[in-house]
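Engineer: Please find one structure pasted underneath; my questions will follow.
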Amino acid sequence: MPLPLIGAAALRERLDAGAPTVVVDTSFDLADPAAGERSYREGHLPGAHYLHLDRDLADHTPAADGRFRGRHPLPAREAFAATLARIGIGPTTPVVVYDRQGAMFAARAWWMLRWLGHREVAVLDGGLAAWLAAGGGLVTDAPAASAAHPAYAPATSLVPTVDANALQAALGRVRLIDARAPERFRGDVEPLDPVAGHIPGALNRPFKDNLDPQGRFLAPEALRTAFLPLLAGRPPAEAVHQCGSGVTACHNLLAMEIAGLPGAVLYPGSWSEWCADPARPVARG
C-alpha cells in the first residue's frame, strides 16, 4: 500500500480485490461534535468504521496532578491499541483513514497509529469527496465490531513528542511551527481557547496551505519548497509542530512526511495546554 497517502482509485482497486484493509472514517466538527458521526451514518465508504475525535482519538480523563492537558489530550497508548483492536486492527493490518474536512482529522488518526508503531497506515488523499469523484459509492450500514486482534500491544513509537516543560526549555533552539489560521496565530481572535496569541518564536504554517483547491495534498516538491524555509537549514527532528489542541499540527507533520522530511516532533497539548498556565510566555502579532 502506498504511504503515507493513497488515491481514491487505488483504494477502490484494493477493496474490489479484497486486499486486507481496514478503512476508518474520522470526520468531525469542532463546533458540533456530533456532526461527524451523523454524517458517517448518512453515508460512508463501504466497510468503514468510525472513530470519534473526543471519544476515540483523545482522553479527557483529568490528569492525576490536576494539570490541564489541552483540549484533545492523547489517550494512553494501550487504550488506543484496544480501540483499534475493537475494529479489527492489529499491528500489521493495512489501514486507510479519511474524513470530509481535508484530512484535518484523518491526519490525527494517521499520526496516532504511527505513535503506536503502526507502519501500514495511509490517508485517503482528498477524502470522501475524492472517493465520490472516482466513482466510489457510499453505504449506511456500519460494520460489526471485531475482536480479531485482542492482543494488539503497542510497538516502539515511530513519531516523537515533546511536553510543555521540555518545549519551554528549548524555545529558541527548535523551529516551532503553528498550524492554526493566521488570525488565531496573531491573536486577533480566539474562538476556542481562553487566551489569544501564540508561543514565542513560533512560525505560522496554516494546515490548509498544504492542500490544493480540490482538497488534495500538494505535490511533494511543492510541500518541500514550502517547509524548507521554515526549517532554515535545520533537520526535521529540530522542528516542533503545534496547533490549538494537537490535531491540525498532525496535518503539517503529514505534509512534511509527504515532502520527504520525516522526523519532526509533535507538541500534543499545543496552544490550549500552553495558554492554560499563566506562567508561560505569550506572544501576539
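The values are calculated or read from the model by the stated rules, or taken from the named source; none is laboratory data. Everything quoted here is computed from the prediction, not taken from an experiment. Cβ sites come from the backbone with ideal geometry, for glycine too, and all protein chains shown count toward neighbours. In case anyone asks, the SASA skips ligands and DNA or RNA and just uses the protein heavy atoms, side chains included. Shrake-Rupley method; radii C 1.70, N 1.55, O 1.52, S 1.80 Å.
Yes or no, residue by residue, for (1) over 23 Å from the mean Cα position of the chain (by Cα); (2) surrounded by 13 or more Cβ atoms within 10 Å (Cβ to Cβ); (3) of a type in the set (Gly, Ala, Ser):
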| residue | (1), (2), (3) |
| --- | --- |
| Val159 | no, yes, no |
| Ala164 | no, yes, yes |
| Pro182 | no, no, no |
| Ala202 | no, yes, yes |
| Phe207 | no, yes, no |
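Engineer: Return the residues of segment 117-157 that are open to solvent by 20 Å² or more (accessible area, probe 1.4 Å) and on the phi > 0 side of the Ramachandran plot; say none if nothing qualifies.
Structural biologist: Listed by number, the list holds a single entry, Gly135.
Engineer: Considering only residues that are surrounded by fewer than 22 Cβ atoms within 10 Å (Cβ to Cβ) and of a type in the set (Val, Ile, Thr), which ones fall in segment 259-285?
Structural biologist: Listed by number, the list holds a single entry, Val282.
Engineer: So which of Gly47, Gly36 ends up being touching a residue at least 40 places away in the same chain (Cβ under 8 Å), under 22 Å from Ala122 (Cβ atoms) and not in a loop (DSSP other than H, G, I, E, B)?
Structural biologist: Gly36
Engineer: Cβ-Cβ under 9 Å, sequence separation 6+ or interchain: first residue in segment 202-228 and farther than 20 Å from Tyr267 by Cβ, partner open to solvent by 80 Å² or more (accessible area, probe 1.4 Å) and outside any loop (DSSP other than H, G, I, E, B). Which pairs?
Structural biologist: Gln214/Ala133
Engineer: Across segment 60-86, which residue is nearest to the chain's Cα centre (by Cα) among those that are assigned to a helix (DSSP H, G or I) and charged (D, E, K, R)?
Structural biologist: Arg77
Engineer: Picking from Arg114, Arg119, which residue would you name as being of a type in the set (D, E, K, R) and either more than 29 Å from Gln214 (Cβ to Cβ) or assigned to a loop (DSSP other than H, G, I, E, B) (or both)?
Structural biologist: Unique residue meeting the criteria: Arg119.
Engineer: For segment 59-79, what are the residues that are touching a residue at least 60 places away in the same chain (Cβ under 8 Å) and either buried (at least 19 other Cβ atoms within 10 Å of the Cβ) or among the charged types (D, E, K, R) (or both)?
Structural biologist: Those that are touching a residue at least 60 places away in the same chain (Cβ under 8 Å) and either buried (at least 19 other Cβ atoms within 10 Å of the Cβ) or among the charged types (D, E, K, R) (or both): Arg69, Gly70, Arg71, His72, Pro73, Leu74, Arg77, Glu78.
Engineer: In segment 34-48, how many are open to solvent by 20 Å² or more (accessible area, probe 1.4 Å) and either in contact with a strand residue (DSSP E or B) (Cβ under 6 Å, 6 or more places away or on another chain) or of a type outside the set (A, V, I, L, M) (or both)?
Structural biologist: The number of residues fulfilling the criteria is 7.
Engineer: For a quick check of your reading of the model, give me the residue pairs whose first member lies in segment 98-116 and is in contact (Cβ under 8 Å) with a residue 40 or more places away in the chain and open to solvent by less than 10 Å² (accessible area, probe 1.4 Å), whose second is part of a helix (DSSP H, G or I) and among the charged types (D, E, K, R), with beta-carbon atoms closer than 7 Å and at least 6 apart or on different chains.
Structural biologist: Every condition considered, the pairs that remain are Leu116/Arg77.
Engineer: Six or more apart or on different chains, Cβ atoms under 8 Å: show the pairs whose first residue is in segment 250-267 and at positive phi and in contact (Cβ under 8 Å) with a residue 24 or more places away in the chain and whose second is open to solvent by 30 Å² or more (accessible area, probe 1.4 Å) and not in a strand (DSSP E or B).
Structural biologist: As it stands, the answer is Gly260/Pro220; Gly260/Arg224; Gly263/Pro160; Gly263/Pro235; Gly263/Ala237, since those pairs meet every condition given.
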